[in-house]
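These notes are about the structure you will find just below.
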Amino acid sequence: MTWLLQDVTGVPRITWRDRFGLSSFDESLVASNEQESPQIDAERDGIARMIKLPSPFYAATDRLKAGAKWTEKNQQYEVVGRDEVAGRTSWKLAVSSGLGLRQLVWVDAQARLVVKHQEAVFLGQGVPHELTLELAKTEMVPGDEVAQIIKSHEVLAALRGPVRNRSEAGSRQEPPATPKLLDQAKVTLLIIQSEQSKAYADLAKEAVREIQAAIESQEAVAKLAAQAVGKPAKDFSLTTTAGSKVSLGAFKGKPVVLHFWDYRSEPKVAPYGETGYLDFVSRQRAKQGVQVVGIAVDERLRDPTTRSAARKDVRSFCEFMNLSYPVAFDDEKLIASFGDPRQVGGKLPLYVVIAPNGEVVRYHPGLWASTPDEGLKELDHMLQKLIQ
């Protein structure tokens, strides 16, 4: 089954890569490739979450009888009645867990089709919300249009590449955009337009726009890096969470890593700006003279009325992570002196690596390609070279 998510808000929250896919089912209509199932993005209090959408098919229709009850995968199922939904007579199924009622599902009594689905979802700091999906219509697709849809899906999937695991930390980072990829996207759009598949053509247009914007952002970030690397790092003096002063001059003759991030206590979202990995590097290399300094970037620090709350927020995060390296407060002036990647579409954290001679040798916005086993391997190798 091919699927495609269309955004009606005008401001897509999900990248084009995650807005279409191919779901496979066995003979019993049980999904066999969960990784490519459709998901939507929801956010509350700064915490984003991907919510997997349910299958439009219900496999266990042989169990749908008045008053039927059963348990499966630690969930209790009960048929609680029949309703008319979307013009279809449907079984109403209640799904509960140890935490209470979790889902209500209405299944067409004459087919294995879910006509309505209600589910409790929790966003932000555990705030309950209700996700509701209801069948609007079904229609038969003519044979020639089926071929067009399949062709459009195939060429767009070829442009996207392998499906990524969106549940993994860091999976939201987009792969680098290149002029070659942009050219491929434009060719893909032309092919899909020739197939007269409007929904896929709209998505292909979005792919072209996203890739073009990403290239422009990458070029702007590269200019910031070029302006910083090879130049002497400007000295600074900032107040740390401990109340002491920290300055670049105090670390003269040492390799220094400046880690610009918000360091906010809430929301806590993995991988926490890679602070855990960075702290490991700091502890490992401190005896060799490496100095890591966290720079908490927060616009609230500019306002006397919000400064105290911002500092408390940062201290709470540092205590939560038990960070060994000092973290100082920046009202966004220091990051501006190096070049704030956010101003050109880049993201924090920003790593600025300074050689013992005071020269900037690396300007790295965004997360590293870190893994639980290897941590910040590339950064650590760079520091080892500076130590020698």
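Where a number appears in this text, it was derived from the coordinates with a stated rule and is not lab data. Source: prediction; values computed, not measured. Reconstructed Cβ throughout: ideal geometry from the backbone, glycine too, with neighbour counts over all protein chains shown.
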(request) Calculate the length of the line joining the C-alpha centroid of region 243-294 to that of region 356-378, in whole Å. (result) 11
(request) Among 338, 14, 267, pick out the residue whose Cα is farthest towards the positive end of the charge dipole of the chain, where Lys and Arg carry +1 and Asp and Glu carry -1 on C-beta, about the Cα centre. (result) 338
(message) Testing the spin-label approximation: label points 7 Å from Cα along Cα→Cβ at residue 125 and residue 305. State their distance in nm.
(response) 2.2
(message) Per DSSP helix of 4 or more residues, -39500 (n - 2.57); summed, then divided by the residues of the chain. What does that give at 222 nm, rounded to the nearest 500?
(response) -9000 deg cm²/dmol
(request) Take residue 80, project a point 7 Å from its Cα along the Cβ direction, then tell me which residues of region 103-118 have their backbone nitrogen under 17 Å from it. (result) 103-108, 115-118
(message) Would any residue of region 268-283 have its amide N under 18 Å from a label point 7 Å out along Cα→Cβ of residue 15? List them or say none.
(response) 270-274
(message) What's the magnitude of the charge dipole for the chain around its Cα centre, counting Lys and Arg as +1 and Asp and Glu as -1 at the beta-carbon? Answer in Debye, nearest 20.
(response) 1120
(request) List the GluC sites (Glu not before Pro) within region 1-101 that fall in a DSSP loop (any state other than H, G, I, E or B) and whose Cβ has at most 16 other Cβ atoms within 10 Å. (result) 27
(request) Rounding to the nearest 20 debye, state how big the charge dipole of region 1-84 is about its Cα centre with +1 on each Lys and Arg Cβ and -1 on each Asp and Glu Cβ. (result) 140
(message) For volume of the Cα convex hull per residue in Å³, pick the label among (1) 142; (2) 178; (3) 162 that corresponds to the value derived from the coordinates.
(response) (2)
(request) Name the residue farthest towards the positive end of the dipole of region 229-387 from the options 249, 328, 376, assuming +1 on Cβ of Lys and Arg, -1 on Cβ of Asp and Glu, about the Cα centre. (result) 249
(request) Provide the FRET efficiency to the nearest 0.05 for the residue 43-residue 347 pair, computing r from the beta carbons and using R0 = 22 Å. (result) 0.90
(request) Report the antiparallel proportion of the DSSP beta bridges in region 229-387 as a percent, rounded to a multiple of 5. (result) 60
(message) What's the magnitude of the charge dipole for region 143-227 around its Cα centre, counting Lys and Arg as +1 and Asp and Glu as -1 at the beta-carbon? Answer in Debye, nearest 20.
(response) 220
(message) I'd like to know which of 125, 152, 357 lies farthest towards the positive end of the charge dipole of the chain, counting +1 on Cβ of Lys and Arg and -1 on Cβ of Asp and Glu.
(response) 357
(message) Restricting to Cα pairs below 8 Å that are 6+ residues apart, what does the relative contact order work out to for the chain? Please round to a whole percent.
(response) 12
